Amino acid sequence: MIEEYLQYTKTATCPFCVTKAAEEYFEKAGFERFNMEDGWTIERGKGYFMNLYGSSFIAFYVGAQFSCDGRLTIAAAHSDQPCFVVKPNAVIESGKYRKLNVEAYGGAILNTWLDRPLGIAGIVAAKGSDAFHPDVRVVDFKRAMLVIPNIAIHFNRDVNKGVELNKQKDMLPLLGMMEAYGSDKLEEKDYLLRLLSEETGIREEDILDYQLYLYNFEDGMTAGAQNEILLAPRIDNLASVFACMKALTAGRTETGLNVIAVFDNEEVGSRTKQGAGSNLLLGILERIYAALLVEREVFLRCVNSGFFLSVDGAHALHPNQGEKYDPTNPIYINDGIVIKRAANQAYATDAVAAGIIKEICGKNNITYQEFVNKSDSPGGSTLGAVASTLLPMRMADVGIPMLAMHSAMETMGAKDLEALVRLITGLFVA
């Protein structure tokens, strides 16, 4: 499973590529594609998936003996990760250097992006059949295109004392060298469009806009004396997305409805049309039940009695800074999945939901740990708490324990991914 996951991380390089990879995965698994704009005919004993605005997706499986008494079970994750987004008119001429103007997306650990090979992926919107139907192409150059170089220690003798990085000045990536010193400014302004045209085959003059992300181009790998550690970019939250997809195709309910929802924009608050803070999922669920000839009042009862699993990374105890963590709930990589709790409701788990997860873990011989923040450190949040304001159903936040969350290269235990897949699969068949 680790090799399959590492291969997956090479293709899932931005939210649009995450969704494209999911489409290919579910097509191979025999799931039928749906479009939001179409009418739906749904059959029992079949799986379906849909692309939502390019960067989010939903897939679901209807039990062969589906009935309203069967459970609605949802597992959700997010497709985005902290990174850098390319601005419009992005090419900057600086002497003989050619740089890109970018802005930070989410809470990246900035210094981890320095001196790494960076790729570019996203979408290009071009002229289509009419103004409301542009030709949208997913693009990934699949090579190291950029680097954000550090400055040598000789010019900053205090660098090892800690340096504050300015996002507009220090984090602009080097794209390459000017073809000719002092070349035409208009040519430089359109240089990125030229690269996109060459990569996509779209005429430069037909490109209307782009939404491009920088990503760490380095491959993931195993590490540690016994290969028990996994280093990879985008573990938060590709590990969760991968586990949700594997579980949906492995855990077939007989009487219920199993759903996975992968939302964009969690790293910036989830409050977008394709984020967990929208009514997108609730609307889709209502359409699914309507296509199965379930009355709305019964559908609402199914939602109320359903279960929602929010799947995202969890903080493992740091080997060198253990004092920053809760003293009685240490979390370690390779020690099992993590149930996340917070009194301030930053996580959606309550005692009943935690009990359900523990019961499923017990039945499937899955070890688990419990995470809470140190009381003088507020910690972060995830999409579960946001989704719980829109879906009145029992929820739990779980995840894989990680080190260096939001780094350009993150760390997890090699055994934990399989445990997460088994947990979600167990939930789907419970």
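Subtracting the Cα-Cα distance from 0.36 nm times the residue separation, let me have the gained length for ARG157 to ASN89 in nm, one decimal. Roughly 21.0 nm would be gained on extension.
Evaluated with a Cβ-only charge set (Lys, Arg +1; Asp, Glu -1), the chain carries a dipole of roughly 520 debye about its Cα centre, given to the nearest 20. With all pairs of separate Cα atoms included, the range 60-205 yields a Kirkwood hydrodynamic radius of 18.8 Å.
Which residues among the range 312-343 fall inside the zone where the amide N is under 11 Å from a point 7 Å beyond the Cα of ASN364, along Cα→Cβ? So the set is 337. Rounded to the nearest 10 square angstrom, ILE151 shows an accessible area of 100 square angstrom against a 1.4 Å probe. For a label point 7 angstrom out from the Cα of LYS273 toward its Cβ, which stretches of the range 106-140 have the backbone nitrogen within less than 19 Å? Under 19 Å, as judged by backbone N against the label point of LYS273, lie 123-138 of the range 106-140. Computed from Cα atoms, the angle from the helix 280-291 axis to the main principal axis of the chain rounds to 40 degrees. Split the accessible area of the chain by element, probe 1.4 Å, and carbon with sulfur accounts for 49%.
Considering only alpha-carbon pairs that sit under 8 angstrom and 6 or more positions apart, the relative contact order computed for the range 322-430 is 38 percent.
Helix 2-11 axis versus longest C-alpha principal axis of the chain: approximately 50°, rounded to the nearest ten. If you take the Cα centroid of the range 1-62 and the Cα centroid of the range 75-110, the two points sit 26 Å apart. Cα centroids of the range 337-353 and the range 261-312: how far apart, whole angstrom? Using only Cα atoms, the two centres lie 20 Å from each other. Of ALA351, ALA59, ALA108, the residue with the greatest mean-square motion in the GNM of the chain, using alpha carbon springs below 10 Å, is ALA351.
Comparing mean-square fluctuations of LEU383, LEU257, LEU196 from a GNM of the chain with C-alpha springs under 10 Å, the top value falls on LEU196. For the chain, report the translational diffusion coefficient in µm²/s to the nearest whole number, using Stokes-Einstein at 4 °C, 1.567 mPa s, and a Kirkwood Rh over Cα pairs. Value of D from the Cα-based Kirkwood radius: 57 µm²/s. Each 5 Å bin from 0 upward holds the following percent of the Cα-Cα pairs of the range 27-139: 2, 7, 11, 15, 15, 12, 11, 10, 7, 5, 2, 1, 1, 0. The GNM of the chain, with springs linking C-alpha atoms under 10 angstrom apart, assigns the highest mean-square fluctuation among ALA243, ALA121, ALA90 to ALA90.
These residues, LYS20, LYS374, LYS363, go from largest to smallest accessible area, 1.4 Å probe, as LYS363, LYS20, LYS374.
A Förster radius of 35 Å, combined with the Cβ-Cβ distance separating LEU208 from ASP115, puts the computed FRET efficiency at roughly 0.55. Once the C-beta distance of MET178 and ASN304 is scaled by a Förster radius of 60 Å, the resulting FRET efficiency is 0.45 to the nearest 0.05.
Here the spin labels are modelled as points 7 Å beyond Cα on the Cα-Cβ line, and at ALA250 and ASN35 they lie 3.4 nm apart. Divided by 2.2 N^0.38 Å, where N counts the residues, the Cα radius of gyration of the range 14-93 comes to 1.46. Relative to the dominant Cα principal axis of the chain, helix 15-28 is inclined by about 50°. Here the convex hull built on the C-alpha positions of the range 126-285 has a volume of 245 cubic angstrom per residue.
So for the range 1-139, taking the charge dipole from beta-carbon charges (+1 Lys/Arg, -1 Asp/Glu), which of ASN35, LEU114, LEU72 sits furthest toward the positive end? Of the listed residues, the answer is LEU114. Solvent-accessible area per residue in the range 358-422 equals 41 Å², computed with a 1.4 angstrom probe and all protein chains kept. In the full protein context, the range 1-131 carries 40 Å² of accessible surface per residue, based on a 1.4 Å probe and ignoring ligands, DNA and RNA.
The values are calculated or read from the model by the stated rules, or taken from the named source; none is laboratory data. Note that this is a predicted model, so its numbers are computed, not measured. Cβ coordinates were reconstructed from backbone atoms using ideal geometry, including for glycine residues, and neighbour counts include every protein chain displayed. Areas reflect the complete protein model, heavy atoms only, side chains present, ligands, DNA and RNA absent. Shrake-Rupley method; radii C 1.70, N 1.55, O 1.52, S 1.80 Å.
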